[in-house]
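Read the figures in this text as sums done on the coordinates, not as results from a lab. All values derive from a computational prediction rather than experimental measurement.
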Amino acid sequence: MNTRLRAIAVTLAAVLTCAGLTTSYAAQKTSADITADSFKCIRDMTPVRGFYVSNLNGDLKGTLAAANAPNGGVYPPGSVVQLVPTEVMVKREAGFNAATKDWEFFELDVTDGKSSIRTRGFVDVVNRFGGNCFACHVKARPEWDLVCETGHGCDPIPLTPVMIKAIQKTDPRCPPTDLTPEETQVLEALKAMSAQKPPAAT
């Protein structure tokens with residue numbers, strides 16, 4: 001695996017998107033319990049139509065039921081939803097934040113084998129490139145519980161399925177895996193696009 005391409009993919013995932021955990025289900029995670037160590041290799045989670053899910057409270061069955069419900073559903077507490085390694089949604093306990101339907105948003109920095117939390121919160125979380133996570137997800141129709149997919153009402157993101165797959169495969173927390181020639185090509189194209197963007201304000 002080309003280390004430079006993996007680093008490119010992690011950065012581009014954050015630029016272009018808004019975007020092993022088991023306990024007793026009764027013991028719901030609190031804010032203090034959710035740390036950087038809660039977030040591991042994205043490919044260790046369960047894939048659903050191109051994104052990944054898990055559940056910090058051990059209720060993966062409930063999370064998958066909501067994710068696969070044809071007409072939408074409410075995700076149970078502890079649900080984790082990720083499209084790319086650096087952006088995470090976590091469903092908190094009922095009543096935690098009515099505005100976000102109890103979702104908390106996280107932006108991560110990811111390196112070899114390690115995550116760190118750059119920012120976390122609710123309606124005011126703005127990533128390093130100025131994107132507000134809630135502003136994107138609030139556009140999802142009510143039945144989809146703030147989770148964006150094609151047809152859910154959210155604005156489209158500038159990533160093709162091949163780009164997303166390449167970014168997921170180059171999560172530096174995961175064991176290396178081969179890229180297809182097409183995936184390598186799109187990462188190089190994304191690098192060129194990123195080089196043309198103005199630097200983020202500090």
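Note that segment 116-122 has calculated 3J(HN,Hα) couplings of 9, 8, 7, 7, 8, x, 10 Hz, one per residue in order, obtained from phi through the Karplus relation 6.51 cos²θ - 1.76 cosθ + 1.60 (θ = phi - 60°); glycine and proline are x. Rounded to the nearest whole Hz, the Karplus-based 3J(HN,Hα) values (6.51 cos²θ - 1.76 cosθ + 1.60, θ = phi - 60°) of segment 68-84 follow the sequence 9, 5, x, 10, x, x, 9, 6, x, x, x, 4, 10, 10, 9, 9, 10, with x at glycine and proline.
Close amide H partners of Val48, meaning residues 5 or more places away or on another chain with modelled amide H under 5 Å apart, are Val53.
Taking amide hydrogens as placed 1.01 Å from N in the peptide plane, the amide H of Ser115 sits under 5 Å from that of no residue at least 5 positions away in sequence or on another chain.
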